[in-house]
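Visitor: The structure follows.
Every number here is computed from the coordinates shown, using simple stated rules; none is lab data. This structure is a prediction, so every number in the text was calculated from the model and none was measured. Reconstructed Cβ throughout: ideal geometry from the backbone, glycine too, with neighbour counts over all protein chains shown.
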Amino acid sequence: MSSELSPKAAEIIAHTRSLLVAGGYNSFSYADLAARVNIAKASIHHHFPSKTVLVQTVVLQYRQEVQASLSMLEGRFDDPLSELNAYADYWAGCIRSGEHPFCICAMLATELPTIPAEVATEVQAHFHDLSTWLTGVLQRGATRGQFHLLNSPAVSALAFIATVHGAMLVARALDDPQSFTAIVQPAILKLTQPA
């Protein structure tokens, strides 16, 4: 998608992503974005006719990046436990560096009742994609004897998603990046232990 965007549109998207991570959909306006990008609001409208279109584009691009990254994990490791650890390590690194300390879709999910339907649809699709990937990882790991699931792979995947995103929230709330790993690693360990 980024190859289809002009350099200015790509810059607008990059700043929008930062604003979304910092405060969500309702925390910024085109005026805030114009000040960051150093262009007129009308110029933003030229690239993205509305905030809904802009954020929908950002989330769609984010989804595509996440899907590509998750596919790469399977190809790189071909080991479900290593894939799960790499996924958790990715977020731990993002939170430590402060570069991407929170999932855009997790932030937007907290606003689902108040965001436009077009954006909500993309956010829900992200969680569906993530759940499908994690279900597959857990199923393959259970088949290989790496994971011992107390529930179905699908329910276990949802529980792990909740753990990861909850750990992001705790790390942010406590301003303690290490708390993310302290929460997520025991959850991974529990998946590997027989019931």
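Visitor: If you take the residues in region 146-160 that are among the small types (G, A, S) and within 19 Å of the chain's Cα centre (by Cα), which one is surrounded by the fewest Cβ atoms within 10 Å (Cβ to Cβ)?
Guide: Taking the candidates together, the pick is A154.
Visitor: Here's something else I'd like to know. Any residue in region 27-42 that is under 19 Å from the mean Cα position of the chain (by Cα) and either surrounded by fewer than 16 Cβ atoms within 10 Å (Cβ to Cβ) or farther than 18 Å from C94 by Cβ (or both)?
Guide: Quick first cut of region 27-42, residues under 19 Å from the mean Cα position of the chain (by Cα) only: 27.
From what's left, either surrounded by fewer than 16 Cβ atoms within 10 Å (Cβ to Cβ) or farther than 18 Å from C94 by Cβ (or both): 27.
Checked region 27-42: at least one residue is under 19 Å from the mean Cα position of the chain (by Cα) and either surrounded by fewer than 16 Cβ atoms within 10 Å (Cβ to Cβ) or farther than 18 Å from C94 by Cβ (or both).
Visitor: Name the single residue that is nearest to V184 (Cα to Cα) among those in region 90-121 being among the polar types (S, T, N, Q) and outside any helix (DSSP H, G or I).
Guide: The residue in question is T110.
Visitor: Report yes if some residue within region 14-34 is part of a helix (DSSP H, G or I), farther than 23 Å from V123 by Cβ and of a type in the set (F, W, Y); otherwise report no.
Guide: For region 14-34, residues part of a helix (DSSP H, G or I), farther than 23 Å from V123 by Cβ and of a type in the set (F, W, Y): absent.
Visitor: Right, next: Among the residues that make up region 55-72, is at least one of them in a loop (DSSP other than H, G, I, E, B) and not aliphatic (A, V, I, L, M)?
Guide: No - not one qualifying residue is present in region 55-72.
Visitor: Determine whether A154 is free of Cβ contacts under 8 Å to residues at least 24 places away in the same chain and either in contact with a helix residue (DSSP H, G or I) (Cβ under 7 Å, 6 or more places away or on another chain) or part of a helix (DSSP H, G or I) (or both). Before the answer, list the steps.
Guide: Numbers: free of Cβ contacts under 8 Å to residues at least 24 places away in the same chain: yes; either in contact with a helix residue (DSSP H, G or I) (Cβ under 7 Å, 6 or more places away or on another chain) or part of a helix (DSSP H, G or I) (or both): yes.
Taking the combined requirement at face value, the residue satisfies it.
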